[in-house]
Amino acid sequence: MGLKWIDIPPVWLAGHLTALWLGRDTGPQVTGRVWDVLGTALIVAGLLLMAWAVAVMVAARTTPIPHQAPAALVTGGPFRVSRNPIYLGDALVLTGAVAWTGAVWGVILVPLFVAIVTWRFIRAEEDRLAAAFGDAFQAWAAGTRRWI
């Protein structure tokens, strides 16, 4: 198993959040209640989206854990509008944390996180889904955007 357990999206998210927190007082800042409220709302929305997506996957008796083979192609719930609602939730949490801390430089962390997750996880997951579910996956992927 090695260190593969550490190469999971929550660890990448935690790393980005840690970098944001450590550098929160670096560079220009935005402050005010609106940023606190926006940040909190995005964090809550991201967590709720992740929970909803995991619940739908569990109900379909497939795994939300990266690097594992899917047992079902999940196309309902949040998967109707995003092929990756859990990763989208992660990105919302990170975006919310950037707004909440007010660290302007932190905005660069969001596209960096999205790029890493796409490269490290999404492409391989989509390959596994295509291999396992063929035309059904292709049809769903053609009608559902990767992010939103």
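With respect to the conditions (1) at pLDDT 95 or above; (2) outside any helix (DSSP H, G or I); (3) surrounded by fewer than 17 Cβ atoms within 10 Å (Cβ to Cβ); (4) of a type outside the set (Gly, Ala, Ser), Thr63 lacks only one, and its number is (1).
Pick from region 1-53 the residues that are hydroxyl-bearing (Ser, Thr, Tyr) and outside any helix (DSSP H, G or I): which of them is surrounded by the most Cβ atoms within 10 Å (Cβ to Cβ)?
Residues of region 1-53 hydroxyl-bearing (Ser, Thr, Tyr): 18, 26, 31, 40.
Pick out the ones that are also outside any helix (DSSP H, G or I) and you get 26, 31.
Working: Thr26: 12, Thr31: 8.
Top of the filtered list is Thr26.
Listed here are the residues, each with its yes/no results for (1) closer than 14 Å to Ala103 by Cβ; (2) among the aliphatic types (A, V, I, L, M); (3) in contact (Cβ under 8 Å) with a residue 40 or more places away in the chain.
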{"site": "Ile6", "(1), (2), (3)": "no, yes, no"}
{"site": "Pro9", "(1), (2), (3)": "no, no, yes"}
{"site": "Leu13", "(1), (2), (3)": "no, yes, yes"}
{"site": "Leu17", "(1), (2), (3)": "yes, yes, yes"}
{"site": "Trp21", "(1), (2), (3)": "yes, no, yes"}
{"site": "Thr26", "(1), (2), (3)": "yes, no, yes"}
{"site": "Trp35", "(1), (2), (3)": "yes, no, yes"}
{"site": "Ala45", "(1), (2), (3)": "no, yes, yes"}
{"site": "Ala51", "(1), (2), (3)": "no, yes, no"}
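This table checks each residue for (1) closer than 30 Å to Leu38 by Cβ; (2) part of a helix (DSSP H, G or I); (3) of a type in the set (Ser, Thr, Tyr).
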{"position": "Ala55", "(1), (2), (3)": "yes, yes, no"}
{"position": "Val58", "(1), (2), (3)": "no, yes, no"}
{"position": "Ala99", "(1), (2), (3)": "yes, yes, no"}
{"position": "Val114", "(1), (2), (3)": "yes, yes, no"}
{"position": "Thr118", "(1), (2), (3)": "yes, yes, yes"}
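Looking at region 70-79, is at least one residue buried (at least 19 other Cβ atoms within 10 Å of the Cβ) and either part of a helix (DSSP H, G or I) or touching a strand residue (DSSP E or B) at 6+ places or on another chain (Cβ under 9 Å) (or both)? Checked region 70-79: at least one residue is buried (at least 19 other Cβ atoms within 10 Å of the Cβ) and either part of a helix (DSSP H, G or I) or touching a strand residue (DSSP E or B) at 6+ places or on another chain (Cβ under 9 Å) (or both).
Step by step: first the residues of region 80-97, then only those that are of a type in the set (Val, Ile, Thr) and not in a loop (DSSP other than H, G, I, E, B), then the one that is nearest to Leu109 (Cα to Cα). Which residue is that?
Of all residues in region 80-97, those of a type in the set (Val, Ile, Thr) come to 81, 86, 93, 95.
Within this subset, residues satisfying the condition of being not in a loop (DSSP other than H, G, I, E, B) are 86, 93, 95.
Working: Ile86: 17, Val93: 12, Thr95: 8 Å.
My answer is Thr95.
Total residues in region 124-148 satisfying the condition of being closer than 21 Å to Ala71 by Cα, of a type in the set (D, E, K, R) and loosely packed, with under 12 Cβ neighbours inside 10 Å: the figure is 2. Scanning region 75-94 for residues that are more than 15 Å from Leu17 (Cβ to Cβ) and hydrophobic (A, V, I, L, M, F, W, C) returns Phe79, Val81, Ile86, Leu88.
The values are calculated or read from the model by the stated rules, or taken from the named source; none is laboratory data. None of the values given here were measured: they were computed from a predicted structure. Heads up, the Cβs are rebuilt from the backbone with ideal geometry, glycines too, and the neighbour counts pull from every protein chain shown.
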